[in-house]
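Have a look at the structure below before the remarks.
Every read-out reported here was derived from the displayed coordinates using simple, explicitly stated rules and does not represent laboratory data. Quick caveat: nothing in here was measured; it's all calculated off a predicted structure. Cβ placement follows ideal geometry from the backbone for every residue including glycine, while neighbour counts extend to all protein chains displayed.
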Amino acid sequence: MTQHRISPDEAREALELVERTTRQMRRAVAHGGMPYFLIIWGIVWTLGFGGTHVLGPESPGVGTLWLVLDILGIVASVVVGWRVSVRVRSPRYNAAIGLYWLAWIVYGGLLIYFARPQSGDQLSLLVSLFAMFGYVTTGIFYRSLFLGGLGATVTVFMVVGYLLFPAVFNLWMALLGGGSLIAAGLYMRYAWR
């Protein structure tokens, strides 16, 4: 079998095609829902963990706070998802991602229920780890190093905060966890135009 040698012009054209395709993919993601989902859930995390820090992780009001914020986050995500799906025609991926996150929520809830976390902070850590696992696996699904890297980075922040700074864990999560999601969403929205 003979090998075809690529000329410098062919190599340059191939690299330009890869670069053009990468720019188009980033532009499509920036105009899709992902930046908005990151911002929505970054705000939920910032307000939720900030409120948990102020109220105290064992306070009865924390559950209500998170319930309200999660419902608002889900409603905002559904609205954004619906608006994006009207513009972007990809029923296979829309259904697959929706079912993926539904399965994630159901199995995450079951695992947390049976794991029986011993404290509010432990519960927060487990829920957040499941969320970041979702980001990492979604990054793998879409072959997005950015999204997978974001999930892995926030996971490191969470574990470091939980292990090294337990007294300010929720404040740590509000600033670094929620802040990272918001910053990533804004970066995707405006830098990937």
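Here are the numbers for the structure shown:
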item	result
Simple spin-label estimate for ALA191 and GLN118 in nanometres, 7 Å along Cα-Cβ	4.0 nm
For the stretch 99-114, 3J(HN,Hα) per residue [Karplus equation, 6.51 cos²θ - 1.76 cosθ + 1.60, θ = phi - 60°, Hz, x = Gly/Pro]	5, 4, 5, 5, 4, 4, 5, 5, 5, x, x, 5, 4, 5, 4, 7
Ranked by how many other beta carbons lie within 10 Å on average, peptides 152-162, 68-78 from highest	152-162, 68-78
FRET efficiency estimate (nearest 0.05) - Cβ-Cβ, TRP82 to VAL160, R0 45 angstrom	0.75
Estimated vicinal HN-Hα couplings, Hz - the stretch 37-54 in sequence order (Karplus 6.51, -1.76, 1.60; Gly, Pro = x)	4, 4, 5, 4, 6, x, 5, 4, 4, 4, 5, x, 6, x, x, 5, 4, 5
Sequence ranges 117-128, 36-47, 99-110, ranked by mean other-Cβ count within 10 angstrom, highest first	36-47, 117-128, 99-110
